[in-house]
Amino acid sequence: VVAEVALAVVVLTGAALLIRSYAAITSTPAGFDPDRVAVARLTIPRAQYDQPAKVFAFHRNVRDGLAAIPGVVQASAVYPLPMSPTGWSGTVGIAGRPDTPGVPQPHAEFAVALPGYFSTAAIPLLEGRDFTDADHDAAPAVVIVDTVFAQQYFPGRSPIGARLAINGNLEEGPFQTIIGIVGAVRNRGARQEGEGQIYLSALQKQEFSLFF
């Protein structure tokens, strides 16, 4: 009897901890709202879409076609999905930020998004503006950063208008200008805030696979 009681106590304690952990996870805002959102991944063949203009036009047409379906409130696309393990990250150069010996270079996670993605996923736009169809490959390159990146590398001031060198260097560029700040998404799970995130326009950064 004593052994059975002890075992029951252990089981009940484990169950209580599990319920407590589940409650903590579900009560932590993820940074986006998946409610009533349908998602499908679409990958296009590189051989057929061998020019960036073809890729950008295809993505615009798919988005517009989905938005025209009766019952669809809004349509957009992103890669990768929030909390997806398929994302990528890297170092970032910030124009005007001096290199300090021993201090790591700025680092961030990246994503590619079509105009309207943030409102579709209920990610708040806190400052600046969203991407538009005018942010195409022939226009100046722009990016949107989240609050984690903004607070880490631009403490006490707005990063709007700052220039980043994501795929280049600070001497020659190319540069991307920050046009907006959005809320942070917990890509590493509810218990981890993760590092800052930078969103590139899917009409400027060629991506063959998007989640619509």
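So, in the stretch 161-176, of the ones that are under 26 Å from Arg186 (Cα atoms), part of a loop (DSSP other than H, G, I, E, B) and of a type outside the set (Gly, Ala, Ser), which residue ends up least open to solvent (accessible area, probe 1.4 Å)? Out of the qualifying residues, it is Ile166.
Does Val182 satisfy the condition of being buried (at least 20 other Cβ atoms within 10 Å of the Cβ) and touching a residue at least 60 places away in the same chain (Cβ under 8 Å)?
Details: buried (at least 20 other Cβ atoms within 10 Å of the Cβ): yes; touching a residue at least 60 places away in the same chain (Cβ under 8 Å): yes.
For Val182, the condition - buried (at least 20 other Cβ atoms within 10 Å of the Cβ) and touching a residue at least 60 places away in the same chain (Cβ under 8 Å) - is met.
Restricted to the stretch 24-46, and to residues there that are modelled with pLDDT of 90 or more and not small (Gly, Ala, Ser), the residue that is surrounded by the most Cβ atoms within 10 Å (Cβ to Cβ) is Ile44.
Table: residues versus (1) open to solvent by 20 Å² or more (accessible area, probe 1.4 Å); (2) within 15 Å of Arg97 (Cα to Cα); (3) not in a loop (DSSP other than H, G, I, E, B).
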site	(1), (2), (3)
Phe131	no, no, no
Val143	no, no, yes
Pro159	no, yes, no
Arg186	yes, no, no
Gly194	yes, no, no
Glu207	yes, no, no
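Against the test of being among the aliphatic types (A, V, I, L, M), over 24 Å from Gln51 (Cβ atoms) and free of Cβ contacts under 8 Å to residues at least 60 places away in the same chain, the options Val73, Val143 yield a single qualifying residue, Val73. If you check Leu114 against the conditions, is it open to solvent by 30 Å² or more (accessible area, probe 1.4 Å) and in contact (Cβ under 8 Å) with a residue 24 or more places away in the chain? Answer is no for this residue.
Within the stretch 146-204, take every residue that is of a type in the set (D, E, K, R) and at pLDDT below 90 and give me the one that is nearest to Gly90 (Cα to Cα). Talk me through it step by step, then tell me what you get.
So the first thing to find is which residues in the stretch 146-204 are of a type in the set (D, E, K, R), and the list is 146, 157, 163, 171-172, 186, 188, 191, 193, 195.
Filter once more, so that each one left must be at pLDDT below 90: 171-172, 186, 188, 191, 193, 195.
Details: Glu171: 18, Glu172: 19, Arg186: 18, Arg188: 16, Arg191: 22, Glu193: 17, Glu195: 11 Å.
Here the residue is Glu195.
Here the stretch 61-102 is the region considered, the condition is being among the β-branched types (Val, Ile, Thr), closer than 23 Å to Thr177 by Cα and open to solvent by 30 Å² or more (accessible area, probe 1.4 Å), and the residue that is modelled with the lowest pLDDT is Thr100.
The values are calculated or read from the model by the stated rules, or taken from the named source; none is laboratory data. The model shown is predicted, which means the values in this text are computed figures rather than measured ones. No Cβ is skipped: glycine too gets one built from the backbone with ideal geometry, and neighbour counts run over all protein chains shown. Just so you know, the surface numbers come from the protein's heavy atoms only, side chains and all, with ligands and any DNA or RNA stripped out. Shrake-Rupley method; radii C 1.70, N 1.55, O 1.52, S 1.80 Å.
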